[in-house]
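Below is one structure, written out as structure tokens; the observations come after it.
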Protein chains: 2
Amino acid sequence: MKCRVCREPAVIDVRRHNANFCHEHFLRLCRDQTAKAIADFSMIERGERVLVAVSGGKDSLALWDLLIELGYEVDGLYIGLGIGGYSDDSGAAAQAFASDRGLTLRVVDLRRDHGFDVPTAAAVTRRVPCSACGLSKRHLFDRAALEGGYDVVATGHNLDDEAAVLFGNALRWQVEYLARQAPVLPAGAGFPRKVKPLVRLAERETAAYCVLRGIDYQVEECPMAAGNKHLGYKEALNRIEETSPGSKHDFYFGFLDRLAPLIQTAAAEARPDLAVCSSCGAPSSGEVCAFCRLQERTEGAEAVPVSLGRARKRPRP
Amino acid sequence: MKCRVCREPAVIDVRRHNANFCHEHFLRLCRDQTAKAIADFSMIERGERVLVAVSGGKDSLALWDLLIELGYEVDGLYIGLGIGGYSDDSGAAAQAFASDRGLTLRVVDLRRDHGFDVPTAAAVTRRVPCSACGLSKRHLFDRAALEGGYDVVATGHNLDDEAAVLFGNALRWQVEYLARQAPVLPAGAGFPRKVKPLVRLAERETAAYCVLRGIDYQVEECPMAAGNKHLGYKEALNRIEETSPGSKHDFYFGFLDRLAPLIQTAAAEARPDLAVCSSCGAPSSGEVCAFCRLQERTEGAEAVPVSLGRARKRPRP
């Protein structure tokens, strides 16, 4: 197994590129693919201030590292979700990464700053924890970016993530969700621009990138996500990718090329006009935004242990 | 486990309907679902002559039986594909079904009538056998319907089939294929109308229908299809259906409801104008149609055994 570029011994094969790479040229591949995604979709201009959403996992730390390597000005934001030891370890990985490199990591703690955590929110709302988690992260990243004067929020969604979300949306043909599934969401109406510079890299590649760069990341998957549908979609696509390498890439980029343009108009018409949350000022489809409603509902609720807030299957009637 | 309708002991559970059924009410469910598909999509008018494409498998024999039960005037057409013992057994099942019920079964034999068979065509063209097989069946069913004065060709594609084809087309976002994926293709330009009355029934249900109706069908899967991508798509969807019953139904019918209308125009513009095959008179995008070209290419080729014409994976370069 030899590197496609230099013919020295390779450390990784990338089947969808039908090629193997040595240490040095694999890192270059990751940088090139990230730079290409940024350029192709006009994600970030030179001189813009970037806030990267840091979970402490492989994707977000690889992203932060890659953006710094590519010469961007990037701070991190970590949100403490209160998911027991998993959150403690994730936060520590994010902190260590930042302090080792002299980078700025902002921290918001759900419990300390907003009076609740994800397990408690899941128990109170009786919904899957991923719902309260995603909602809180979106809200707090948007707010931090606007308050901190950042031009753009970057998230570590990789090709596997985006293909799985696309699959889930296609399974239900949720046209308005499909139409919003782009590697860039432009700024507007109280939202910062949001970009996903890792869409050209697979999960296995961001993990290998971290290993080769000596980045210590949180290896565990979130204990509350176990059994969620998103993971099922990933598994289904993994099997297809195994038989036909490149399937995920074609699925995601073929969608952007060929289907997305056909559904933009229809989806735009379906989009609700946004007002402003009377409590926090964030864009909201209702009088009070979903985050403030969640904060209100969980006020005074006793903290529950992680196990009680875990992903549940809806019982069959 | 009790029947949803009469509370007598049930013989089958249908998870996506969240219900169990006894012998009698399961057969009624199958008839009702078939009648609903025919009505919802205006597939067949009373008094029209129907030609059903009969393979000898569970779907096509269930379809023929159901259409007769629903009072339609239906003849069958069986095409001998020359796939060794598999074809012999399939043909025998189709013949037995027809003669037991005094129905008319027309027979075309690829080797006898057109000088080749599927294994030989696969070997000569060096393509997967499903390619020559599908092309020959489409061509010969169209021709037989027009020559025999039938108004409509009915095929046994079930919900699993249609969902898997949709998944394959969505994985590549082949918009022109997606746009043609409907339970009815109207007649026109030398083609008869084509309908799929079993789209509301799953594979497991057509099999159970045959068992309960005492229909002997070819149980084996085609030996040449083993390992093809379509089966991989079915497997992937089966796993998702297991976790979330009804997913396949929502995937297929959600597509018809919400996506198909958005892509019709774009796809129609991409459709090539059809001429007439100079050899057989069938509609064709070229001077000679694909079937006549296949017949020409295989002329004089020595018959190959089934094993040599088997599905091949394209070797990786």
- Tally time: how many residues in the range A:236-246 are under 17 Å from A:Glu162 (Cβ atoms), facing chain B (nearest Cβ under 7 Å) and not β-branched (Val, Ile, Thr)? 1
- Of the residues that sit in the range A:12-22 and are open to solvent by less than 80 Å² (accessible area, probe 1.4 Å), in contact (Cβ under 8 Å) with a residue 24 or more places away in the chain and touching a helix residue (DSSP H, G or I) at 6+ places or on another chain (Cβ under 9 Å), which one is nearest to the other protein chains (Cβ to nearest Cβ)? A:Arg16
- Determine whether A:Ala182 is among the small types (Gly, Ala, Ser), under 13 Å from the mean Cα position of the chain (by Cα) and under 21 Å from A:Leu259 (Cβ atoms). yes
- Query: Quick one: in the range B:1-11, which of the residues that are assigned to a loop (DSSP other than H, G, I, E, B) and not basic (Lys, Arg) is least open to solvent (accessible area, probe 1.4 Å)?
  - Reply: B:Cys3
- Message: Of the residues B:Glu242, B:Glu235, only one is more than 30 Å from B:Ser87 (Cα to Cα) and open to solvent by 50 Å² or more (accessible area, probe 1.4 Å); which?
- Response: B:Glu242
- Task: Give the range A:32-61 a look and list any residue that's β-branched (Val, Ile, Thr) and more than 17 Å from A:Val184 (Cα to Cα), or say none.
- Result: A:Val54
- Query: Given the conditions (1) surrounded by fewer than 22 Cβ atoms within 10 Å (Cβ to Cβ); (2) assigned to a loop (DSSP other than H, G, I, E, B), which single one is not true for A:Gly156?
  - Reply: (1)
- Which numbered condition trips up A:Glu221, out of (1) among the acidic types (Asp, Glu); (2) buried (at least 17 other Cβ atoms within 10 Å of the Cβ); (3) under 18 Å from the mean Cα position of the chain (by Cα)? (2)
- Query: Got at least one residue in the range A:172-180 being away from chain B (no Cβ under 14 Å), touching a residue at least 40 places away in the same chain (Cβ under 8 Å), under 26 Å from A:Arg46 (Cα atoms) and in a helix (DSSP H, G or I)?
  - Reply: yes
- Query: Does the range B:245-264 contain any residue that is closer than 30 Å to B:Asp89 by Cβ, open to solvent by less than 30 Å² (accessible area, probe 1.4 Å) and not polar (S, T, N, Q)?
  - Reply: yes
- Listed by first then second residue, the pairs whose first member lies in the range B:110-129 and is among the acidic types (Asp, Glu), whose partner is crowded, with 21+ Cβ neighbours inside 10 Å, with beta carbons under 7 Å and at least 6 positions apart or on separate chains, are B:Asp117/B:Leu81; B:Asp117/B:Gly82; B:Asp117/B:Leu110
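Residues are listed down the side, and each one gets a yes or a no for (1) out of contact with any strand residue (DSSP E or B) (no Cβ under 8 Å at 6 or more places or on another chain); (2) at pLDDT 95 or above:
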residue: A:Ala170; (1), (2): yes, yes
residue: A:Ala179; (1), (2): yes, no
residue: A:Ala189; (1), (2): no, no
residue: A:Glu203; (1), (2): yes, yes
- Query: Among the candidates A:Lys234, A:Lys194, which residue alone is under 21 Å from the mean Cα position of the chain (by Cα), among the charged types (D, E, K, R) and farther than 21 Å from A:Trp64 by Cβ?
  - Reply: A:Lys234
- Task: Working carefully through the options B:Pro283, B:Pro305, B:Pro315, find the one that is modelled with pLDDT under 95, open to solvent by 80 Å² or more (accessible area, probe 1.4 Å) and either closer than 21 Å to B:Cys130 by Cβ or more than 14 Å from chain A (Cβ to nearest Cβ) (or both).
- Result: B:Pro315
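The values are calculated or read from the model by the stated rules, or taken from the named source; none is laboratory data. All figures in this text were calculated on a predicted structure; none of them were measured in a lab. A quick note on method: Cβ atoms are made from the backbone with ideal geometry, for glycine too, and the neighbour counts reach across all protein chains shown. These area figures cover heavy atoms from the full protein model, side chains too; ligands, DNA and RNA do not enter into them. Shrake-Rupley method; radii C 1.70, N 1.55, O 1.52, S 1.80 Å.
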